[in-house]
Structure formats: C-alpha cells, structure tokens
Amino acid sequence: IRFTKPKIMKNYFRTTFLFIVSLCIVTQVSAQSLGIKTGLNLSKALMKYDGETFSDEEEFTLKGGFNIGAGFEIPITDFMWIEPCMLISSKGMKYVDEGTYNDGEDWKETEKSNLYYLEIPVNVMFGYEFGFGKVYGIFGPYAGIGLTGKYKEIEEEDGESDSYTEDIEWGNGVNDDVKRPDVGLRLGAGAQIIGFELSLVYAMGLLNISAWENYVWKNRVFGITFAYRFDFSKE
C-alpha cells in the first residue's frame, strides 16, 4: 500500500494556536486542572477492498507510535467531569510477511504507514474521587486533521536489506492517498494518584480516510497515556 507527498498548510498551525488560546481562556474561567500527557499508541487499521476486510490477516500487526499533548479538566458534578484535549498522535498500519525460498534463503517484507494527526478529543469522564486520587471511565468523541506522514517498505533477503520511503499525499483527489479529516469515538479507563495519572483508551475512527476508489481505511488505535496534573482548585 504505497503513498506519496504531504502538503502541510499554515491554516493547521493557526488552528492549533487558536485552540491553545481558547483552552487557556477556559482554564481561567472554569478548569480545575491541567494535565500534560505523553504515551504510546498501538495502531492496527481496519482496511477493506470491494467490501472485503483484508486487515484481519495475520500479516497485519500492531504498529507502535506516540501521543503527546495536554488537557484541561472541567468539573460538572462530584462524579462527572469533561476534559477537552489537544494531542499530536501517530496512527497508521504495519504489514509484515516472511518466508523461505526453495533454496533455503530467508526473506522478509515490511510495509509501514505512519500518519501524524493534530487531534482534539473531548473526554467525558465518570469516576470516584478518594483522598489522594481517583478512578474513572472515559467516553467521548474526537476530531483530527492529518498533518504529515510517511510510507516505508523494507525488503530483507539472506541477511541483506533494502528500504524505500516516500511521503504520503493528503487529500481526496485522484492522485491522493489519504484524506486529512478523521473523526471517531474513544472509550477507556484511568486512575490518578496524587498528581500522576495513567489512562488506557481505545480510539475507533468512524470516517473512511482512504482516497483510493473501492478502498476503506479506518483508524484503530489503542493508547497508553501517562500524565502529570497541575491542580488549580487549591489555593
């Protein structure tokens, strides 16, 4: 599955800046805490061609990536709060096939797409607070915009390897590969002890991001995120 060239536009950076300013205003008005976040993403996309799913084949494996960003926690009730966030998040797919030729020579082919998004989740969180921490469940939507990406192919034979890399072409034209918008739902759970937080979230993309005819590609990401939370509610 090959891709070509990204086109990053200044509007996305303006959007990022305006979102940061908006979150800062919200913080001054009603936010209880700010969480600085970073963690691991494990991606395995849902992919179909002519209605048939092929991404469930064993050659499609989890692709490692990252997430980094921040979120403001706004209390609604004693057991419910919301957390609008801004993240840079990596997604994509990984395909690995290997075997042995008749002459006994081993071969291996690896294909990876790395997609990088500016993502805005709004986490609705239900939980229980106790003295020095809390536990909670997470549910909510997210919206993202593709920023940049790479496709990489590695071929290995008998101890030697050769690689090929090209940029991803973003858009929905006939020469494009991946559409920029991504929208989906997040479901997970987390815990906080003092200021330290750990959350596990599954993000399911609802949009078909493939620009190729007859193809369906929807992002699927399992995220493990660590955070440190600065509490504004205490004087």
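The values are calculated or read from the model by the stated rules, or taken from the named source; none is laboratory data. Computed from a predicted structure; not experimentally measured. Glycine gets a Cβ as well: all are built from the backbone with ideal geometry, and neighbour counts include every protein chain shown. Heads up: the accessible areas ignore ligands, DNA and RNA and are worked out on the full protein's heavy atoms, side chains in. Shrake-Rupley method; radii C 1.70, N 1.55, O 1.52, S 1.80 Å.
A few notes on this one:
- Atom-type composition of the exposed protein surface of the chain places 59 percent of the accessible area on carbon and sulfur (1.4 angstrom probe).
- Three-way shape label, region 60-121, alpha-carbon gyration tensor, a/c 1.5: prolate
- Set of region 35-60 residues, backbone N closer than 18 Å to the point 7 Å along the Cα-Cβ line of residue 97: 45, 47-50, 52-60
- Positive-end extreme of charge dipole, the chain - chosen from 107, 216, 190 (charges on Cβ): 190
- For the chain, calculated [θ]222 nm from helices alone, where every DSSP H run of n ≥ 4 adds -39500 (n - 2.57): -3000 deg cm²/dmol
- Alpha-carbon Debye profile of the chain, log10 I(q)/I(0) at 0.10 Å⁻¹: -0.54
- For residue 123, the residues whose modelled amide H falls within less than 5 Å of its own, excluding neighbours fewer than 5 places apart on the same chain, are 83, 85.
- Rounded to the nearest 0.05, the FRET efficiency derived from the C-beta distance between residue 174 and residue 222 at R0 = 25 Å is 0.15.
- Residue-level accessible surface for residue 148, protein heavy atoms, 1.4 Å, Å²: 40
- Based on Cα contacts under 8 Å between residues 6+ apart, the chain shows a relative contact order of 23 percent.
- Taking label positions 7 Å along the Cα-Cβ direction at both residue 53 and residue 66, the computed distance is 3.1 nm, reported to one decimal.
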